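Only one structure is covered here, and it is reproduced in the block below.
Just so you know, all these numbers are worked out from the coordinates, no wet-lab data involved. Computed from a prediction, not measured in an experiment: that's the story for all the values here. When we count neighbours, we look across all protein chains shown, and the Cβ atoms used for this are built from the backbone with ideal geometry, even at glycine.
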Amino acid sequence: MRKIVIAGNWKMYKTQRESSEFLQAFMPQLESTPQEREVVLCPPFTALSAMSTSLHGSSVQLGAQNIHWENSGAYTGEISGEMLTELGVRYAIVGHSERRQYFGETDETVNKRLIAAQRHGLIPILCVGETKQERDADETEALISNQLAKDLVGVDQKKLVIAYEPIWAIGTGDTCEALEANRVIGLIRSQLKVADVPIQYGGSVKPNNIDELMSQPEIDGVLVGGASLEPDSFARIVNYK
């Protein structure tokens, strides 16, 4: 049975104080959340320690927004798996489109980060998806197939989450139609060796579209950006109907 994973990616938002205020408002709203739903919060690195303490003993898992492939070294601005696991981190986002677009992430470095995450016992959330230009040129299927072929070399698919994030829908308010998201996620699943890898949808996920998205048979959760920054908004998403 495939796991449902609902993750909030806070990107470069929230100080430690703001993170604490979020949890105070958010956590009480999880009392009736079904246990089979895995809830993950991915704050900035600076908030991981405080969040780890606050979430200890709760049902909410802690995730990081990146991980370097080396255990240590002269890699200014990077973070290692050992640094993350020491703080109780369980998940790590790898290959987010913003990392690929703004920071030169390639399929080769994504693959190395995936392997490093698993080496340290973390579950990576691999992000794949196409740009508007690629979609308009009918290159979605080929682009995603190519990403998967390169990113997953040597990766244990039994310890993996994949997020389909159409880049044209991230932060634009332009959500991919639920049926189309379901179709592409089905395509992704057809190329995996392990059938029950959880595959999320990400891209302008909001309280007003979460129920329709999660009604689709291939969608196993969501990777949420802006809507995860407000406790009531993210609680509604976690408690989808």
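Assorted remarks:
- Helical contribution to [θ] at 222 nm, DSSP H n ≥ 4, -39,500 (n - 2.57), averaged over the chain, rounded to 500: -10000 deg cm²/dmol
- Placing a pseudo-label 7 Å from each Cα along the Cα-to-Cβ vector at N208 and T131 gives an inter-label distance of 3.0 nm.
- For region 4-238, a/c is not less than 1.5, where a ≥ b ≥ c are the root eigenvalues of the C-alpha gyration tensor, and a/b does not top b/c. That puts it in the oblate class.
- Most mobile of F26, F103, F45 in a GNM of the chain (Cα contacts under 10 Å): F103
- Listed residue pairs exceeding 28 Å between alpha carbons, taken from K132/K206; K11/K193; K3/K132; K11/K241; K150/K241: K11/K193; K3/K132; K150/K241
- Residues of the chain were split at every exposed loop site, defined as GluC sites (Glu not before Pro) in a DSSP loop with at most 10 other C-beta atoms within 10 angstrom, and the longest piece left, sites excluded, is 37-241.
- With neighbour counts taken as other beta-carbon atoms within 10 Å, the residues W10, W69 rank, fewest first, as W69, W10.
- When each of H68, H56, H96, H120 is scored by the number of other beta-carbon atoms lying within 10 Å, the sequence from fewest to most is H56, H120, H68, H96.
- Sorted by Cβ density within 10 Å, fewest first, the residues Y13, Y102: Y102, Y13
- Euclidean distance between Cα centres, region 46-103 to region 1-34, Å: 16 Å
- Across region 1-31, the residues whose backbone nitrogen lies under 19 Å from the label position 7 Å along the beta-carbon direction of K241 are 29-31.
- For region 20-125, trypsin sites (Lys or Arg not before Pro) are listed when DSSP marks them as loop and at most 11 other Cβ atoms sit within 10 Å of their Cβ; the list is empty.
- Karplus (6.51, -1.76, 1.60) ³J(HN,Hα), θ = phi - 60°, over region 117-133, in Hz, Gly and Pro reported as x: 4, 5, 4, 9, x, 8, 9, x, 9, 7, 9, 9, x, 10, 7, 4, 4
- Label-point separation, S59 to D156 (7 Å along Cα→Cβ), nm: 2.7 nm
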